[in-house]
1. Given the criterion surrounded by 19 or more Cβ atoms within 10 Å (Cβ to Cβ), in contact (Cβ under 8 Å) with a residue 12 or more places away in the chain and part of a loop (DSSP other than H, G, I, E, B), identify the matching residue among B:V46, B:V53.
2. Do you know which of the residues in region B:107-120 that are in contact with a Gly (Cβ under 6 Å, 6 or more places away or on another chain) and in contact (Cβ under 8 Å) with a residue 60 or more places away in the chain is nearest to the other protein chains (Cβ to nearest Cβ)?
3. Out of the helices (runs of 4 or more DSSP H) lying entirely within region B:210-269, which hold 2 or more residues that are under 28 Å from B:G109 (Cα atoms)?
4. Please tell me if B:C27 is in contact with a Pro (Cβ under 9 Å, 6 or more places away or on another chain) and modelled with pLDDT of 95 or more.
5. What are the residue pairs meeting all of these: first residue in region B:69-95, first residue more than 8 Å from every other protein chain (Cβ to nearest Cβ) and surrounded by fewer than 24 Cβ atoms within 10 Å (Cβ to Cβ), second residue assigned to a helix (DSSP H, G or I) and among the aliphatic types (A, V, I, L, M), Cβ atoms under 6 Å, and 6 or more apart or on different chains?
6. Identify, from the list B:G142, B:G162, B:G175, B:G135, the residue that is within 12 Å of chain A (Cβ to nearest Cβ) and either crowded, with 22+ Cβ neighbours inside 10 Å or part of a loop (DSSP other than H, G, I, E, B) (or both).
7. Restricting attention to region B:301-320, which residues are within 27 Å of B:A99 (Cβ to Cβ) and surrounded by fewer than 15 Cβ atoms within 10 Å (Cβ to Cβ)?
8. Find the residue count for region A:62-91, including only residues that are without any contact (Cβ under 8 Å) to a residue 24 or more places away in the chain, away from chain B (no Cβ under 14 Å) and within 17 Å of the chain's Cα centre (by Cα).
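The values are calculated or read from the model by the stated rules, or taken from the named source; none is laboratory data. Everything numeric here is computed off the predicted structure, so don't read it as measured data. For neighbour counting, all protein chains shown are included, and Cβ atoms are generated from backbone atoms with ideal geometry for every residue, glycine included.
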Amino acid sequence: VQTLTPSATRIRILDPVGVIEPEVTAPAVKADRQLSPGLEGAVLGVLTNVFRGYDVPQAVAERIGRRVKLKDIVRIAKPSISRPAGADTYKKLAPQVDAVIVGLCA
Amino acid sequence: LSVSTGAPDLAAAGVDFEDIDEAIEHCYRSGWTDGLPFLLPTERRVHSILSAVDRDPLEVVGKIPPRNGTATIEKIAINAAMAGCLPEHFGVLLAAIEAMLGAEFNLNGVQATTHVCAPLTIVSGPAVSGLNFNGRDGVFGGGSRANVGVGRAVRMVLWNLGGAKPGDIDKSTFGHPGKYAFCIAEHPEDNPWEPLHVARDPSLSAEDSAVTVFACEANRNVADTHNDTPQGLLNVIADALRTIGNENTYGGGQVVVVLGPERARVMKQYGWTRKDVQHYLFDQARRSVREMKKAKLIRSTPRWVNADDPDAMWPVFEDVDDIVVLVAGGDGPHSATCSGWGEFGGFAATRKIDFPVGRT
């Protein structure tokens, strides 16, 4: 009977996870005014992703609007529901708003 | 356990163990696997895979969305090692990953959607026989180390570099058995037409080998023991393609239609080209405006369809080339369809496999 004994050989395994480098997907826009703490008086942008009638970002913006006095809510739709918004969309939205809801996660 | 900076010539961090079971459990604990057993990504195994291609290990192939992990050749090789991918198949894997990173494929959406789709890799050309890919019996199932190795390696890359984990970034309602491994090959002999990659990209030749990637549902079987003409056989397949609830009927896009070799022989007997098959399916895969409205499925309507006429026939596909036709599988009265992710992405993308000089 042959008995297998654990080998004393060192096992080195390599990390398969990829490095994530910080990435700025939206163009930098210089703020022309300082918002007061919170969103009081702000124009809130909403990047909507309407699919099958569900417009969750818009609903969240409206709920925020009931809590703080917003100056306005500006809504802009993503060109595609299945792809992230591109720089063109952000460039169009940025001059109109003080802050933007670009996504939600649970 | 100790953590190092990896092998002297590799950039990836390494972790040292004196016990193989500890190493395995470390991989599970770290979330590096999809739940299936795997091979340990040892330096030796990774070196062996890297030696199969003439690529700089630090070359960046791209970022794998949605997590956007940087996919260097080395990181892809580490995941290939875990998947059991053999060195000679690494070039096939790289071509598949590069094809998926094209804008049309929308890998970001494919990885995150609630839809069931998973990327399917289809290998065509001399590499099928030369590298022992299975394009015959049980082509979607197990039994081929080449198919499973590449298919699983694709998944490991999407898992570890793209972060597509169920309940987290991967929001698929049901998931997909192909999210473990999903790689098939074109039949190496019973294909009466040019290889799939030549049909899709005329700049490629039959001497080239290539992969075509496509995000789709699992294969749906289409059985037919009664028909023996192209029209009869394709009528039955077309009926499967226009099913209400089918993603194509719901949202357009593309489909892969896999003809078994028995069907391919009938097409050859009657002189039907691949394009003939595509045209016929395009014409037959339609539903009446009445049916579509009843199911609330009317989306953008082609200008040549009168949406006010309830009897007008409304096409499931926008273009004949949205129907990707290939021959694979074993004998038997069957075909298969794999519906894509509608109009949202995962569109078929073909890329030539680059082999080092002197190897095919």
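1. Working: B:V46 fails: part of a loop (DSSP other than H, G, I, E, B).
Of the residues listed, the single one that is surrounded by 19 or more Cβ atoms within 10 Å (Cβ to Cβ), in contact (Cβ under 8 Å) with a residue 12 or more places away in the chain and part of a loop (DSSP other than H, G, I, E, B) is B:V53.
2. Residues of region B:107-120 that are in contact with a Gly (Cβ under 6 Å, 6 or more places away or on another chain), as a first pass: B:109-111, B:117-118.
Imposing the further condition that a residue be in contact (Cβ under 8 Å) with a residue 60 or more places away in the chain reduces the set to B:109-110, B:117-118.
On the way: B:G109: 4, B:V110: 9, B:C117: 11, B:A118: 16 Å.
Applying the filter and picking the extreme gives B:G109.
3. Working: elements: B:230-241, B:247-251, B:261-269.
Result: B:230-241, B:247-251.
4. Spelling it out, B:C27 is indeed in contact with a Pro (Cβ under 9 Å, 6 or more places away or on another chain) and modelled with pLDDT of 95 or more.
5. B:P87/B:I49
6. Working: B:G142 fails: within 12 Å of chain A (Cβ to nearest Cβ); B:G175 fails: within 12 Å of chain A (Cβ to nearest Cβ); B:G135 fails: within 12 Å of chain A (Cβ to nearest Cβ).
Going through B:G142, B:G162, B:G175, B:G135 in turn, the sole match is B:G162.
7. Scanning region B:301-320 gives B:E318, B:D319.
8. Here is the first cut: in region A:62-91, the ones without any contact (Cβ under 8 Å) to a residue 24 or more places away in the chain are A:62-63, A:65-67, A:79-80, A:82-83, A:86, A:88.
Next cut, away from chain B (no Cβ under 14 Å) only: A:62-63, A:65-67, A:88.
Restricting the remaining residues to those that are within 17 Å of the chain's Cα centre (by Cα) gives A:88.
Adding up the residues that qualify gives 1.
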